Amino acid sequence: MFEKILIANRGEIACRIIRTCRARGIATVAVHSEADAGARHVEMADEAVGIGPPPARDSYLMIDRILEACRRTGAEAVHPGYGFLSENALFAEALAAAGIVFIGPPVAAIRAMGDKIESKRLAEAAGVSTVPGHPDAVRSLGEALHVARAIGYPVMIKAAAGGGGKGMRIAHDEQELEEGLKRAQSEAASSFGDERVFLEKFVERPRHIEIQVLGDRHGNLVHLGERECSIQRRHQKVVEEAPSPFLDAATREAMGAQAVSLARTVGYHSAGTVEFIVDRDRNFYFLEMNTRLQVEHPVTELVTGRDLVWDMIRIAAGEPLGFTQEEVEFSGWAIEARVYAEDPARGFLPSSGRLVRYREPEGEGLRIDSGVFEGGEVSIYYDPMIAKLCAHGDTRDRAADRLAAGLDAFLLRGPAHNLTFLRAILDHPDFRAGRLSTDFIAETFGARFAGRQLPEPRLRMLAAAAALMTWREVARACRISGRLPGRDPEPERSWAVALGGRHFEARIAEDGTPATVELDGERFLFALDWHPGRMLAELETDGERLRIQVETVAEGFLLIHGGAELRALVRSHRAAELAARMPEKEMPDTSGLVIAPMPGLIVSVAVVPGQEVKAGQELLVLEAMKMENVLRAERDGVVREIHVRPADAVAADQLLVTLA
């Protein structure tokens, strides 16, 4: 077995690999860019080596610098994680030439499966079902139009060397094909150094289901069941689970057999994933094979009890798999939610900045994989994923309930994030019923998410809790000062509560265990574990435990729970009466100002001064966090002024375009 392993990656996956190595007594080496010098994976590793400036192309993608780090530290093997060089055949070859073991599949398999066009040909040869499409890369718009007409719209544009949702677009007509082809080629060139794209038929309302395979160097190959990854946004997976709520036993067996057949055809060893799309009739079609560890591997680990990182290390060291297909056992259900630094209210644009508050949730059945800490930075240079929160339970509902409670208790302040969005997904009736497709997010929430409306009983419960919290704040102040100016020593018991567009009359009958609050004549009995200054409250009633995030604001609290962020205003009756007489403040119209949602690089400007534009029309493209983000007009107007040019670096909130 290896004595020292270098991890050629960063963030949560580097920390994940280090944890397994540490548990097995294997020393670890971290590599880092200048931006990551103080990162968590650097602190966790036994040794760390700097490999260059912040941009990945100047550090994490520099093969020679990683080889030099191996030589300096004496690392015998390299685990690439996912992304960066994990599927780079030249990297694996360079390691082999230097006498260093690549903890991954053989070079021939990486090369064959890394080219999406070639992998589809091999899949067909191995008897794997494939999506109808054009077998070669398209070189021009004219050729793409010809191919799309032959296949029939809608079509999927895919990067030949792609993965992770980069270089992918759906086109429903010729106009979308023209724009999508340009974007896909640009992203493919930027992400993979290969602008080739190809077209295939887009299966409408598909489910994305993948099979985890595992093989050793002795010819043993098994699959570890499936993962459903249908909850996606812009082809990026958001929520994943194992097993799939859709597959029956026959389909599961057939998909597993085809995945193993493909892996055997390319002489595969190590962990890998064969991805399929599945239509409503359970017909399935090969998408691609990822020759690496997947982001969503924890759900497979939770239902199988295996450590896939350790399996990869053992296989790379020449050990046999040690078990057969018949010995693979599954237990319960697991669901993973990817926590991103992004702003759902602004079309899910990536965010960055310092993690001012960061507290990971705890609870039965929860697992969290992260690579950050409170006070750390979410950088503009890398993927905006902060953490992966996973939950395991004996049933799908139990796993979903545990994950929902974990999301409610996940304290994250600083950059914008998607925690409330993830929470709303878990409570949606279609998700709970397993009625999923890759269109789920777009059809359910649209292009942006501005919060969720809570059911009336839950809203009333939060209003009662807000009144009790106010009582406790005032009672504490009375105990400290003895008397508040203008108030009696005994705090008021009756309050006017405004929450979620509703108004309630609340009276604190008793603050005990349980507490009793009367809300518009309805009595609430609950135990509230909270005191002033705490950001997390636990409320228990009728055997149900709720977790509520609490921030003190003027005249009340900001309550975060169940996918909703609600401002609870709790006033005395006199203060509420006076507030009702205050005129509404008009908000300034900022729809004509297009500002940068994050730091980045201007890729292109699509308009000129004086040009009339329609709402939703493309104005410019901003590249940030490895993705090209199209910024569009929020309303009809005329371009008054353009403040940037292509190739300009811009800061967050910088003014880009002004509309009249």
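Read-outs: derived from the displayed coordinates by stated rules, not from any lab. These numbers were taken from a predicted model, which means no experiment stands behind them. In this analysis, Cβ positions are derived from the backbone assuming ideal geometry, glycine residues included, and neighbour counts consider all displayed protein chains.
If you average over every viewing direction, what projected area does the convex hull of the Cα atoms of the range 104-225 give, in nm²?
On the way: hull surface 33.3 nm².
Mean shadow area of the hull around the Cα atoms is 8.3 nm².
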For the chain, average projected area of the Cα convex hull in nm²: 32.0 nm²
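What length, rounded to one decimal in nm, is gained on full extension from Glu326 through to Leu141, with 0.36 nm per residue of separation minus their alpha-carbon distance?
61.6 nm
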Residues whose placed amide H lies under 5 Å from that of Gly376, excluding near-sequence neighbours: Leu355
Positive-pole candidate from Ile110, Ile602, Gly332, dipole of the chain, charges at beta carbon: Ile602
Distribution of pairwise C-alpha distances over the range 4-103, 5 Å bins, in %: 3, 15, 29, 28, 19, 7, 1
Packing-based exposure ordering (other Cβ within 10 Å, fewest first) of Tyr60, Tyr82, Tyr381: Tyr82, Tyr381, Tyr60
Calculated P(r) tail over 24 Å for the range 474-591, as whole % of Cα pairs: 33 percent
Computed lengthening from Arg121 to Trp310, 0.36 nm per intervening residue step minus Cα-Cα distance: 64.9 nm
Modelled FRET efficiency - R0 41 Å, Leu411 with Arg72, Cβ distances, 0.05 increments: 0.55
Rh (Kirkwood; distinct C-alpha pairs) - the range 593-659, Å: 11.6 Å
Span per principal axis, largest first, for the Cα atoms of the range 132-201 (Å): 28, 22, 20
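So for Val497, Val474, fewest C-beta neighbours within 10 Å to most, what's the order?
With the sparsest Cβ surroundings first, the list reads Val474, Val497.
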Loop-resident sites, the range 572-649, for GluC sites (Glu not before Pro), counting at most 13 other Cβ within 10 Å (DSSP): Glu584, Glu586
In order through the range 374-389: 3J(HN,Hα) via Karplus (6.51 cos²θ - 1.76 cosθ + 1.60), integer Hz, x for Gly, Pro: 4, x, x, 10, 8, 7, 7, 8, 10, 3, x, 5, 8, 6, 10, 9
Rounded to whole Hz, the Karplus (6.51, -1.76, 1.60) HN-Hα couplings of the range 229-239, x for glycine and proline: 10, 6, 7, 10, 9, 6, 6, 9, 5, 10, 10
Sorted by Cβ density within 10 Å, fewest first, the residues Arg448, Arg111: Arg448, Arg111
Cα pair count fraction exceeding 27 Å, expressed as % - the range 207-445: 36 percent
